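Enquirer: Sharing a structure below in structure tokens format, with a few things to ask.
The values are calculated or read from the model by the stated rules, or taken from the named source; none is laboratory data. No experiment lies behind these values; they were computed from the predicted model shown. Don't worry about glycine lacking a Cβ; one is built from the backbone with ideal geometry, like all the others, and counts go over all protein chains shown. Ligands, DNA and RNA are excluded from the accessible area calculation, which covers all protein heavy atoms including side chains. Shrake-Rupley method; radii C 1.70, N 1.55, O 1.52, S 1.80 Å.
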2 protein chains.
Amino acid sequence: MSATTVSTTTAPTRFLDVGNERYAYRRFGGQNASALPLLCLQHFTGTLDNWDPAVTDPLASTREVILFDNAGIGGSTGAVPQTVAGMATHALAFLDGLGIDTCDVLGYSLGGMVAQQMVLDRPAIFRRMILVGTAPRGGEDIMHLEKPSLARYLNDPGLQGYAVLQKIFFTPSASSQSAGEEFVGRLLLRTGDRDPVSGPAVASAQIAAFREWEQFTGARFADLQQIRQPTFVVNGVYDEMIPVRNSYWLAEYLPNAVLLTYPDAGHGSLFQWHDSFQGQASRFLSSDSRFAPY
Amino acid sequence: MSATTVSTTTAPTRFLDVGNERYAYRRFGGQNASALPLLCLQHFTGTLDNWDPAVTDPLASTREVILFDNAGIGGSTGAVPQTVAGMATHALAFLDGLGIDTCDVLGYSLGGMVAQQMVLDRPAIFRRMILVGTAPRGGEDIMHLEKPSLARYLNDPGLQGYAVLQKIFFTPSASSQSAGEEFVGRLLLRTGDRDPVSGPAVASAQIAAFREWEQFTGARFADLQQIRQPTFVVNGVYDEMIPVRNSYWLAEYLPNAVLLTYPDAGHGSLFQWHDSFQGQASRFLSSDSRFAPY
């Protein structure tokens, strides 16, 4: 995508009023008119500015990409819900406001939980789903930032802003840290019209949502069997934030899911292996099969 | 591949004398002269006739495919080794006899264990590795045919020959059984020059090799960390013969491996999802990167 094309780095922030809320979003790409838009649902505390152009620009080359700030995030009004269900309600209202009946979704981390809840609430909302670095309801060890392996970075006063992401989204290996440095550089390419950074209140509400998402009643993972959409599950094998076994459960209990895991990678596997990920995701989304394998 | 092209169904069986043994093999394909040959290492009791044309014919469209009967299997002389290490020694001798210093490998089930042992014994032997439905040394629940979930088919006098494969390589779902029926039909396409079918002595020796492969000394899976080759690990999520957790361990402990899992699929995931598998495997093999992600 050339520098003059509207892209992750240059797409203007737009606003959509629905009910009592005003939602911030960016929408770009879409050369193939027959492709459905791809709704991108973001990670813990992430804003529109946390999408990596190396992932979302290639995806936008053949379909519209819609980046979305849920309620209380970035430029969106409202309170950050303390449940994933509350976030799903906002995202569905946003799609209704845009007049989108069906789309594809890329749900990353927290966004992957929101995507699962959305499709359970309204099964026709998604055609194909991509779930990266996320967990099913009833999953384990979801975003326990108090763990020593994460707290040592989050509580390090020498690390601020994106430098923290480089540590917690990537593994300690030299190759992964180098990929993390490049990732941060790409996030900084956008110089104008940036979102406000999330503060502690956002983090606190979202952590409450993770704790609620770890709870389940009845047969564990039974809700996944209701999701018939072809689903592409992706995880790094060394993910400290949401360990890969959560993706194993997704692929084992979703009836129509393919799992891909990446080596030498943590929570940010899609950013570290962006060339591979965007190619695999594009091939998955380009399939018209009712089955996930592509 | 047209009916007149030499293919999985029509390639003549050839023989290679090395030391005291005569090894049976078939070799075909290879339009791309710069591609390395792909050595295919077969499953428990499988012969040259157990390779699915829907998998090996597309792979042969751009590279030479070499199907190999290890010692004591099909048309190969010698005793079936009671260890994976013994099988690896034969396979290395066969490649030496062909004058092949380096190739790619597709190791399926038992063949995946032989491939791992070969690359530990001689690290330069493989450029890229594909391991399907297999397990690392020290893996669990490897080919326990006495389990009720398998014994009910293996001990059913109403099931003979390939009908057993349809039951144990595929899941009980209607879609998987239908794929299994098609798989069996493809194996029967070859009408001439077929291998002798393996008997109980082959099975007994190979089961002994599985039991030995389950043993380990020292740190579990530490040997995997010596394997630097880009590796593509594939498994069905409902594999009763070698459960998918063995592939999780491969992808977690091999330093340079991508894992792909297939839904609604058992041990024969590569045959059930042959269109997807051959495409993914071809893209993986076509990569020149030193990293597994493709």
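Enquirer: With respect to B:T83, is the statement that it is within 18 Å of B:M113 (Cα to Cα) and in contact (Cβ under 8 Å) with a residue 24 or more places away in the chain true?
Expert: So B:T83 passes the test.
Enquirer: Within segment A:177-191, how many residues are open to solvent by 40 Å² or more (accessible area, probe 1.4 Å) and more than 22 Å from A:H267 (Cα to Cα)?
Expert: Selection size over segment A:177-191: 1.
Enquirer: Sticking with this one: Residues in segment B:208-229: is at least one under 24 Å from A:F277 (Cα atoms), outside any helix (DSSP H, G or I), open to solvent by 10 Å² or more (accessible area, probe 1.4 Å) and within 14 Å of another protein chain (Cβ to nearest Cβ)?
Expert: yes
Enquirer: Turning to a different aspect of this structure: Residues of segment A:160-206 being under 23 Å from A:A54 (Cβ atoms), hydrophobic (A, V, I, L, M, F, W, C) and either in contact (Cβ under 8 Å) with a residue 40 or more places away in the chain or part of a loop (DSSP other than H, G, I, E, B) (or both), which ones?
Expert: Hits for segment A:160-206 are A:L165, A:I168, A:F169, A:F170, A:A179, A:F183, A:L187, A:L188, A:L189, A:V197.
Enquirer: Given the structure, is B:G19 within 27 Å of B:I207 (Cβ to Cβ) and open to solvent by 40 Å² or more (accessible area, probe 1.4 Å)? Break it down stepwise before answering.
Expert: Values: within 27 Å of B:I207 (Cβ to Cβ): yes; open to solvent by 40 Å² or more (accessible area, probe 1.4 Å): yes.
Yes: the conditions hold for B:G19.
Enquirer: So which residues in segment B:1-48 are in contact with a strand residue (DSSP E or B) (Cβ under 9 Å, 6 or more places away or on another chain), hydroxyl-bearing (S, T, Y) and at pLDDT 95 or above, if there are any at all?
Expert: B:S7, B:T8, B:T10, B:T13, B:Y23, B:Y25, B:T47
Enquirer: Still on this model: Kindly list, by first and then second residue, each pair from a residue in segment A:264-285 that is on the phi > 0 side of the Ramachandran plot to a residue that is in a loop (DSSP other than H, G, I, E, B) and surrounded by fewer than 24 Cβ atoms within 10 Å (Cβ to Cβ), limited to pairs with Cβ atoms under 6 Å and residues at least 6 apart or on different chains.
Expert: A:D264/A:S173
Enquirer: I would also like to ask the following. Among the numbered conditions (1) more than 10 Å from chain B (Cβ to nearest Cβ); (2) open to solvent by 40 Å² or more (accessible area, probe 1.4 Å), tell me where A:R283 comes up short.
Expert: (1) is the only condition that A:R283 fails.
Enquirer: Does B:S61 qualify as being free of Cβ contacts under 8 Å to residues at least 60 places away in the same chain and not acidic (D, E)?
Expert: Taking the combined requirement at face value, the residue does not satisfy it.
Enquirer: When you check B:A292 against the structure, is it at the interface with chain A (Cβ under 8 Å from one of its Cβ atoms), part of a helix (DSSP H, G or I) and surrounded by 24 or more Cβ atoms within 10 Å (Cβ to Cβ), yes or no? Working first, answer last.
Expert: Details: at the interface with chain A (Cβ under 8 Å from one of its Cβ atoms): yes; part of a helix (DSSP H, G or I): no; surrounded by 24 or more Cβ atoms within 10 Å (Cβ to Cβ): yes.
Spelling it out, it is not the case that B:A292 is at the interface with chain A (Cβ under 8 Å from one of its Cβ atoms), part of a helix (DSSP H, G or I) and surrounded by 24 or more Cβ atoms within 10 Å (Cβ to Cβ).
Enquirer: Among the residues of segment A:1-30, write down those that are touching a Leu at 6+ places or on another chain (Cβ under 6 Å) and part of a loop (DSSP other than H, G, I, E, B).
Expert: Of everything in segment A:1-30, just one residue is touching a Leu at 6+ places or on another chain (Cβ under 6 Å) and part of a loop (DSSP other than H, G, I, E, B), namely A:T9.
Enquirer: Taking into account only those residues within segment A:237-279 that are at the interface with another protein chain (Cβ under 7 Å from one of its Cβ atoms) and part of a helix (DSSP H, G or I), which is most open to solvent (accessible area, probe 1.4 Å)?
Expert: Looking at the filtered set, the residue picked out is A:E252.
Enquirer: Could you please find all residues in segment A:31-41 being assigned to a loop (DSSP other than H, G, I, E, B) and in contact (Cβ under 8 Å) with a residue 24 or more places away in the chain?
Expert: Of everything in segment A:31-41, those that are assigned to a loop (DSSP other than H, G, I, E, B) and in contact (Cβ under 8 Å) with a residue 24 or more places away in the chain turn out to be A:Q31, A:N32, A:A35, A:L36, A:P37.
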